[in-house]
Amino acid sequence: GSQLVLRAGPSVDVLQELCGQVKAGAVYFHRSVLPGACELETTLKHVMDGLGIECRRFQGELLFQPERILSGSKTPYKVFTPFWRACSASAPPGEPVVKPSKLIAPKAFPKSEILERWDLAPSRPNWAAGFETFWQPGEEGGTKALQTFLKRGVKSYNEFRDYPSLSGTSQLSAHLHFGEVSVRTCWGAAQGLPGSEAFVRQLGWREFCHYLLFHWPNLVDEPFRPEFAKFPWRENKAFIKAWQQGKTGYPIIDAGMRQLWQTGWMHNRVRMIVGSFLVKNLRQHWHVGRDWFWDTLVDADLANNSAGWQWIAGCGADAAPYFRIFNPVTQSEKFDKKGDYIRTFVPELCDLPAKYLHDPSNAPQEILHQAGIVLGQTYPKAIVDLKTSRQKALEAYENIKAK
Ligand code: FAD
């Protein structure tokens, strides 16, 4: 029987006004690791102290308090494995608090702004049309996704998680991002289930990304490894457009980028492949990928996205080494062997036999003809040569290393 009161404006001012209107005795809030959140909390506390209003902060976004997980030298960890070991050795986060049986609503509510007037939904164009086929936003949708995964997915997670055509992962990322299901609920529900270690470890990666953002707020823009500030990125608008639209001529990349556009989500293995291709083979700045993902992912998350791009670009904390360049053709042959994923999102290649599907630019003319494909017309020719672009990327890296 309670209601949500929506207000827009500078947080502290809005809360101060609201507290006056409802004669609040306390403000309870959920802590965040976003840059600027600590300062905001301090200001809020200061203002509320002055008004005699109690302030209580809760930890709901993470399993562990980021300031408490420190190395032997009392500094934050920069490498995932010791970080996660330290988390695992500290007091467990505990079960989620049980739902209160009753919430007493006040007799009268202060005025709320109207959600529709905030004009948040995309309309010109509505790039999210069709998303409702894939997502059920809200706590009910999040809980359903978790239950389905626990029943069917968790035991085979480690075996199937790298194959994009299988629903081998939980697809909980957007629900976790928006707090529709809490990480503590996921963590608690997975404990003791056969095969849950690998899944819990990924929750650990989420924890690590948020931890990094808390300790290094510059992670969003600046390379964690400073030598990368001098990396000779190129700017090629045609490359960027081809990548964004899924028209690179490399089917696994194109399938991933189209999955992202159509559903607002992309499989993790494919995120790594498209990311590596953008920053290494095309040598575009990782900010380009970060921004596109930020605009198009339903699970877009400042911590996971920034750390994910730094990781793939080789400039992050505990990142994939720069010289590890994913080959989109061999990755595709390995993780989408029969081409089911490619055929779902790149239907114009449907009739191409699996043997040639991963690299149509190198398929015999006759085979392409039989499959109704004209390269450059019905499907793009490969926009770069993998071998030479890889070589160029490695040379650029050697150059900054030498400097
Ligand atoms: P599952 O495999 O089921 O994992 C369970 C949960 O663990 C996920 O929901 C997520 O919260 C967390 N998780 C899993 N892998 C990672 C990871 N590598 N880093 C951090 N957390 C992880 N994830 C986002 O939530 N938002 C982003 O904006 C985002 N951007 C990314 C950008 C790049 C370049 C890369 C390589 C990865 C990015 N990821 C991001 C991480 C990962 O790809 C997604 O969390 C995952 O694909 C979501 O699918 P899932 O819920 O089925 O994951």
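May I ask you to list the lysines whose Cα is less than 26 Å away from that of Lys23, ignoring any residue fewer than eight positions away on the same chain?
Cα-Cα hits under 26 Å: Lys45, Lys99, Lys102, Lys107, Lys111.
Rank Arg390, Arg258 by accessible area, highest first, at a 1.4 Å probe radius?
So, going from the largest accessible area down, we get Arg390, Arg258.
Rounded to the nearest 0.05, what FRET efficiency is calculated for Gln377 and Lys355 with R0 set to 30 Å and r the Cβ-Cβ distance?
Between Gln377 and Lys355 the formula returns 0.85.
Report, as a whole number in µm² per second, the diffusion coefficient that Stokes-Einstein gives for the range 1-140 at 10 °C and 1.306 mPa s using the Kirkwood radius over alpha carbon pairs.
Stokes-Einstein gives a translational diffusion coefficient of 82 µm²/s.
Hey, rough spin-label estimate for Phe160 and Phe29, points 7 angstrom out along Cα→Cβ, what's it come to in nanometres?
4.2
Lys78 versus Lys144, label points 7 Å from Cα toward the beta carbon: distance in nm?
4.5
Once you have all Cα-Cα distances for the chain, histogram them in 10 Å bins from zero and send the whole-percent values.
Over the chain, the share of Cα pairs per 10 Å bin runs 4, 18, 28, 26, 15, 6, 2, 0, 0 percent.
Aspartates and glutamates near Lys230 by alpha-carbon distance under 19 Å, same-chain residues fewer than 8 away left out - which ones?
Within the straight-line cut-off, Lys230 pairs with Asp221, Glu222, Glu395, Glu398.
Once each part is reduced to its C-alpha centroid, what is the distance from the range 142-199 to the range 359-403 in angstrom?
Each part's Cα centre sits 35 Å from the other's.
Defining a contact as two alpha carbons under 8 Å apart and six or more residues distant in sequence, what relative contact order in percent does the chain show?
Relative CO of the chain lands at 16 percent.
Using +1 on the beta carbon of Lys and Arg, -1 on that of Asp and Glu, and nothing else charged, what's the dipole of the range 179-296 about the Cα centre, debye to 20?
400
Given the range 269-394, what count of lysine pairs have C-alpha atoms under 18 Å apart, with each pair 8 or more places apart or on different chains?
For the range 269-394, qualifying lysine pairs total 6.
Nearest 0.05, what FRET efficiency do Glu222 and Glu197 give at R0 = 35 Å with Cβ-Cβ as r?
So the FRET efficiency works out to roughly 0.55.
The values are calculated or read from the model by the stated rules, or taken from the named source; none is laboratory data. It should be emphasised that the depicted structure is a prediction, and the values quoted were computed from it without experimental measurement. FYI the Cβ positions are ideal-geometry reconstructions off the backbone, even for glycines, and counts take in every protein chain you see. Keep in mind that these areas ignore ligands, DNA and RNA; they rest on the heavy atoms of the full protein, side chains included. Shrake-Rupley method; radii C 1.70, N 1.55, O 1.52, S 1.80 Å.
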